[in-house]
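Submitted below is the structure of interest, expressed as structure tokens.
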Amino acid sequence: MSVRRGSPGSDADQALTVLYETHYRALTQLATLLVSDVATAEDIVQDAFVAMHGAWRQLRDGGQALLYLQQVVVRRARSSRPARGGPGVGAEGRPAAGRRKGSEPEPRLVAALRSLPARQREALVLRYYADLPEAQIGPAMGISGRAVSNHVARGMSALQAALERGQPDGGPPAAGAAGDAGPA
């Protein structure tokens, strides 16, 4: 099989195979927390790898490949979500996430995260789930470092309020929840 002119070639194929084997699960879990639907999350991650393959030659530093994938996942998750809500994650589709590797987030936490405005949810998931420093969250979300700090601070406050309200385990956020008002 010949390589088409302008295609990334075998270097990209090999690098993406390693990236896929190493990071697919974590990227899918990240996307699942952002869109609350495993099938959509898997599609988003697959699309991110396809986009990465197509952009391989433009990538200046192979060490930035994971950041590029995270950026694509966040952007595509943002554009694939309905304005509010969306389908919940079933027991078998719950992401294995959290501060301890392999642990599952509490259904209350997932529900409280879903009640937050999109940008706050993205900032918190990237900071505390993907464990990115704030300096990398800005580029991943396409916003300034100051905006990241604001979204993280406001998101933590709103998340705490949602958890204190005692959202039902795994249920959708209550209509008119505090996290629903205002711009993200």
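Note down all Cβ pairs under 7 Å where the first residue falls in region 38-66 and is surrounded by 18 or more Cβ atoms within 10 Å (Cβ to Cβ), the second is small (Gly, Ala, Ser) and at pLDDT 85 or above, and they're at least six residues apart or on different chains.
ALA41/ALA31; ILE44/ALA31; ILE44/ALA77; VAL45/ALA31; MET52/ALA65
Does region 135-155 hold any residues that are in a helix (DSSP H, G or I), surrounded by fewer than 16 Cβ atoms within 10 Å (Cβ to Cβ) and at pLDDT 90 or above, and which are they?
Applying the first criterion (in a helix (DSSP H, G or I)) to region 135-155 yields 135-141, 145-155.
Narrowing the set further to residues that are surrounded by fewer than 16 Cβ atoms within 10 Å (Cβ to Cβ) leaves 135, 145-147, 149-150, 153.
The answer is GLY145, ARG146, ALA147, SER149, ASN150, ALA153.
Related question: Of these, ALA96, ALA123, ALA118, ALA83, which one is modelled with pLDDT under 85 and over 19 Å from TYR24 (Cα atoms)?
Working: ALA96 fails: over 19 Å from TYR24 (Cα atoms); ALA123 fails: modelled with pLDDT under 85; ALA118 fails: modelled with pLDDT under 85.
Sole residue among the options that is modelled with pLDDT under 85 and over 19 Å from TYR24 (Cα atoms): ALA83.
Given the criterion over 14 Å from the mean Cα position of the chain (by Cα) and not polar (S, T, N, Q), identify the matching residue among ALA26, ALA31, ALA55, ALA41.
Details: ALA26 fails: over 14 Å from the mean Cα position of the chain (by Cα); ALA31 fails: over 14 Å from the mean Cα position of the chain (by Cα); ALA41 fails: over 14 Å from the mean Cα position of the chain (by Cα).
Being over 14 Å from the mean Cα position of the chain (by Cα) and not polar (S, T, N, Q) holds for just one of ALA26, ALA31, ALA55, ALA41, which is ALA55.
The values are calculated or read from the model by the stated rules, or taken from the named source; none is laboratory data. From a predicted model like this one, the values you see are computed outputs, not experimental measurements. In this analysis, Cβ positions are derived from the backbone assuming ideal geometry, glycine residues included, and neighbour counts consider all displayed protein chains.
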